[in-house]
1. On the basis of being modelled with pLDDT under 90, surrounded by fewer than 16 Cβ atoms within 10 Å (Cβ to Cβ) and among the acidic types (Asp, Glu), does GLU97 make the cut?
2. Closer than 30 Å to LEU33 by Cα, β-branched (Val, Ile, Thr) and touching a Pro at 6+ places or on another chain (Cβ under 6 Å): is that true of VAL171 in this structure?
3. Just one of SER221, SER209 is without any contact (Cβ under 8 Å) to a residue 24 or more places away in the chain and either in contact with a strand residue (DSSP E or B) (Cβ under 8 Å, 6 or more places away or on another chain) or within 26 Å of ALA16 (Cβ to Cβ) (or both); which is it?
4. Which numbered condition trips up GLY2, out of (1) within 25 Å of GLN120 (Cα to Cα); (2) at pLDDT below 90; (3) crowded, with 21+ Cβ neighbours inside 10 Å?
5. Go through THR57, THR20, THR30 for me and flag whichever is part of a strand (DSSP E or B) and of a type outside the set (Gly, Ala, Ser).
6. Might you let me know whether segment 154-165 holds any residue that is surrounded by 15 or more Cβ atoms within 10 Å (Cβ to Cβ), modelled with pLDDT of 90 or more, over 25 Å from SER193 (Cβ atoms) and under 22 Å from the mean Cα position of the chain (by Cα)?
7. Please determine whether any residue of segment 108-123 is under 29 Å from THR222 (Cβ atoms), part of a loop (DSSP other than H, G, I, E, B) and without any contact (Cβ under 8 Å) to a residue 24 or more places away in the chain.
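The values are calculated or read from the model by the stated rules, or taken from the named source; none is laboratory data. Only a predicted model underlies this, so the values are computations on that prediction, with no experimental measurement involved. All Cβ positions, glycine included, derive from the backbone under ideal geometry; neighbour counts span all protein chains shown.
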Amino acid sequence: MGTIKRMTSSEAILTAENITYLVPGSSHKTPILKNLTFSIKKGEFCVLIGKNGSGKTSLCQILAGLLKPASGEVSLRQGTLPTDAAREPHNREGFHEPCLPRTNGVAGKVAAYLDDPDAQLIGRTVEEDVSFGPKNLGSYRKETVEELLALLNLAELRDSNPSELSAGEKVRVIIASLLAMRPCFLILDEPTSFLDPDERIRLGKILASLTKAGEIGVLLSTQYPSDIFLGERVLLLDQGSIVLDANAHAFLEKLGDHSSLGITREELFPFLADLEGAPI
């Protein structure tokens, strides 16, 4: 049984060790994830990339405590989180509160966006949705909500019904809602699939600024090769294994050895001009 235990490292926020995952009850015996081991440090922004079916969503759900791996464990700094698919999330889908005392309201929390905007919207207005989590945790600060509405370009939509927003706007509301709960680790499963290119770049810059300013760690999964430039580190997941772990520039140099993305290094270069100033 996989568990999330207290870490001893002062640097890493999250570590996955020897994670293997098979679909429960499936006759298909090939693991979706095979002995994955990696860690993400505080202030680190990682992009998890891979084509459809590579295991990205399963890995994100395991890291969020929503799926139980067949073997292995996930360690979260200053928190213990059962890796149990039967456990109900705390107050809103994709967020868990470990059964430990909070340290300044941050340590031991993981928040996740899980590739379904409508499933994570619960407020009657955007402001109510962003405020919901911290109010239920007893950590509500209006100033924080105002800052996040401005940061995610949602201030003019504060009184709008979230269900009536565009897909991209819904994603931004959910990310603001997750950040309002002050997690130490943020998991985003393909949030850019609903964003236009400009919104994707803006989100990348926002997440980069947050990781550099504090102790939050970010893992963003994507199937879009151009998204590798959003973060400072790239993990390439192929057939259940991490086959490449490098920064964006090194990733480009080594891409020729990994054809699973169906894109060449030359095809990625035009994105560099569009992302001038982005963290790469």
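1. On the way: modelled with pLDDT under 90: yes; surrounded by fewer than 16 Cβ atoms within 10 Å (Cβ to Cβ): no; among the acidic types (Asp, Glu): yes.
It is false that GLU97 is modelled with pLDDT under 90, surrounded by fewer than 16 Cβ atoms within 10 Å (Cβ to Cβ) and among the acidic types (Asp, Glu).
2. Working: closer than 30 Å to LEU33 by Cα: yes; β-branched (Val, Ile, Thr): yes; touching a Pro at 6+ places or on another chain (Cβ under 6 Å): yes.
In short, yes.
3. Values: SER221 fails: without any contact (Cβ under 8 Å) to a residue 24 or more places away in the chain.
Criteria check complete, one pass: SER209.
4. Condition (1) is where GLY2 drops out.
5. Details: THR57 fails: part of a strand (DSSP E or B); THR30 fails: part of a strand (DSSP E or B).
Sole residue among the options that is part of a strand (DSSP E or B) and of a type outside the set (Gly, Ala, Ser): THR20.
6. No.
7. Taking segment 108-123 as the starting set, the residues that turn out to be under 29 Å from THR222 (Cβ atoms) are 108-123.
Then keep just the ones that are part of a loop (DSSP other than H, G, I, E, B); that gives 108-109, 115-116, 121-123.
With without any contact (Cβ under 8 Å) to a residue 24 or more places away in the chain added as a condition, the list becomes 116.
Yes: one or more hits.
Residue-wise test of (1) exposed (fewer than 15 other Cβ atoms within 10 Å of the Cβ); (2) touching a Pro at 6+ places or on another chain (Cβ under 8 Å); (3) under 21 Å from LEU203 (Cβ atoms); (4) among the aliphatic types (A, V, I, L, M).
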position	(1), (2), (3), (4)
THR15	no, no, no, no
THR20	no, yes, no, no
PRO24	yes, no, no, no
PRO31	no, no, no, no
ILE40	no, no, yes, yes
PHE45	no, yes, yes, no
ILE49	no, yes, yes, yes
LEU59	no, no, yes, yes
ALA64	no, no, yes, yes
